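Asker: One structure follows; several queries about it will come next.
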Amino acid sequence: MYRGLSVIAIAPVLNEELKIREVVRRTPRPLVDQILVVDDGSSDHSAAAAIEEGARVYSMGRVAGVGAALRAGYGEALAGGFDVAVVMAGNNKDSPEEIPLLLDPIAEGSADFVQGSRYAKQNPDFGHMPFYRRIATRLHPLLFSLVARRWVSESTNGFRAVRLCVLEDPRLDLHQDWLDEYELEPYLYIRAIRLGYRTAEVPVTKVYPPRSLGQTKMKPISGWWSMLRPLVYLGLGIRK
């Protein structure tokens, strides 16, 4: 437990055998009660690598999408009776060692949802982050802030923590079929704000590896529409 909180760390993964091994290995075990790797239909040995490092693996059985994988992970967290779920990337771009930064505002009672922000960090090192990603990850928070009516510096980073009672709110519907891809992450954040939950940002690290090692599975057009769709739908009142 961490400061009286039972914590589950969730990492969705798709064909990241080497990277998921490092993610699990780097996660501070004394602070996390369970590491859950959600295998989104990997065709390599990602699941076996995660198990070898001590994680529990939940298999989607097919490529269902990162949003569907996160939804399944949250479902497992709720079923397990944990207090807080931390989500981190399965491709080793986040720093699991920084999990306490996400948990502290929740443990102190000042936040229910904590968003990790690479842009709140002084002198950040983005590694080999592509230029188009720098632009996109700067533009999205501006649009997000307009819809949420609250300024945020980061809205696309999946490294975050949420008190699980938030997910039990009947006004929050993560099971909509349009949330199966990248939509779920910004949707959950903006809904948490709109429903009046206490949210906070903390500075975290986000380091991109060289392109030769694989930087992202997000496709430039369809992937970014997935990230923008919740802002359009919620901003126009098309969905709740």
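Asker: List every residue pair whose Cβ atoms sit under 9 Å apart, with the two residues 6 or more apart in sequence or on different chains, where the first one lies in the range 211-240 and is among the charged types (D, E, K, R) and modelled with pLDDT of 90 or more and the second, anywhere, is surrounded by fewer than 16 Cβ atoms within 10 Å (Cβ to Cβ) and assigned to a helix (DSSP H, G or I).
Answerer: Close Cβ pairs (under 9 Å, with a partner that is surrounded by fewer than 16 Cβ atoms within 10 Å (Cβ to Cβ) and assigned to a helix (DSSP H, G or I)) amount to R229/W178.
Asker: List every residue pair whose Cβ atoms lie under 8 Å apart, where the two residues are 6 or more positions apart in sequence or sit on different chains, the first residue falls within the range 97-121 and is under 15 Å from I8 (Cα atoms), and the second residue, located anywhere, is polar (S, T, N, Q) and in a loop (DSSP other than H, G, I, E, B).
Answerer: E98/T205; I99/T27
Asker: Would you mind stating whether R198 is under 14 Å from the mean Cα position of the chain (by Cα) and over 17 Å from G67 (Cα atoms)?
Answerer: no
Asker: Among the numbered criteria (1) assigned to a helix (DSSP H, G or I); (2) of a type outside the set (G, A, S); (3) in contact (Cβ under 8 Å) with a residue 40 or more places away in the chain; (4) surrounded by 18 or more Cβ atoms within 10 Å (Cβ to Cβ), which one does L146 miss?
Answerer: Unmet condition: (4).
Asker: What residue, among those in the range 72-89 that are among the small types (G, A, S) and over 11 Å from A9 (Cα atoms), is surrounded by the most Cβ atoms within 10 Å (Cβ to Cβ)?
Answerer: Going through the qualifying residues, I end up with A72.
Asker: How many residues are surrounded by 19 or more Cβ atoms within 10 Å (Cβ to Cβ) and not hydrophobic (A, V, I, L, M, F, W, C) when one looks only at the range 1-51?
Answerer: Total satisfying the criteria: 11.
Asker: Does the range 64-81 include one or more residues that are within 22 Å of K121 (Cβ to Cβ), over 13 Å from the mean Cα position of the chain (by Cα) and not in a helix (DSSP H, G or I)?
Answerer: Checking the range 64-81: not a single residue is within 22 Å of K121 (Cβ to Cβ), over 13 Å from the mean Cα position of the chain (by Cα) and not in a helix (DSSP H, G or I).
Asker: Another question, then. Can you tell me which residues in the range 87-130 are more than 18 Å from the chain's Cα centre (by Cα), farther than 22 Å from V23 by Cα and among the small types (G, A, S)?
Answerer: Within the range 87-130, A107, G109, S110 meet the criteria.
Asker: Here's another thing I want to ask about it. Between A192, A161, which is at pLDDT 95 or above, of a type in the set (G, A, S), part of a helix (DSSP H, G or I) and in contact with a strand residue (DSSP E or B) (Cβ under 9 Å, 6 or more places away or on another chain)?
Answerer: Exactly one of A192, A161 is at pLDDT 95 or above, of a type in the set (G, A, S), part of a helix (DSSP H, G or I) and in contact with a strand residue (DSSP E or B) (Cβ under 9 Å, 6 or more places away or on another chain), namely A192.
Asker: Can you name the residue in the range 108-140 that is modelled with pLDDT of 95 or more and buried (at least 19 other Cβ atoms within 10 Å of the Cβ) and is also farthest from V7 (Cα to Cα) among such residues?
Answerer: S117
Asker: Moving to a separate point now. Across the range 58-71, which residue is nearest to L172 (Cα to Cα) among those that are crowded, with 20+ Cβ neighbours inside 10 Å and of a type outside the set (G, A, S)?
Answerer: Looking at residues that are crowded, with 20+ Cβ neighbours inside 10 Å and of a type outside the set (G, A, S), I get R71.
Asker: Follow-up. Need pairs with beta-carbon distance below 6 Å; first residue touching a residue at least 12 places away in the same chain (Cβ under 8 Å) and within the range 72-88, second in a strand (DSSP E or B) and among the small types (G, A, S); sequence gap 6+ or separate chains.
Answerer: Between residues of the range 72-88 that are touching a residue at least 12 places away in the same chain (Cβ under 8 Å) and residues that are in a strand (DSSP E or B) and among the small types (G, A, S), the close pairs are A77/A85; V84/A161; V86/A9; V86/A161; M88/A11.
Asker: Here are some residues: R138, R171. Which one is within 16 Å of T205 (Cα to Cα) and of a type in the set (K, R)?
Answerer: R138
Asker: Please identify the pairs in which a residue from the range 36-55 that is under 15 Å from L18 (Cβ atoms) has its Cβ atom under 6 Å from the Cβ atom of a residue that is assigned to a loop (DSSP other than H, G, I, E, B) and charged (D, E, K, R), counting only partners at least 6 apart or on another chain.
Answerer: S46/E16
The values are calculated or read from the model by the stated rules, or taken from the named source; none is laboratory data. Only a predicted model underlies this, so the values are computations on that prediction, with no experimental measurement involved. Note that each Cβ is placed from the backbone with ideal geometry, even for glycine, and that neighbours are counted across all protein chains shown.
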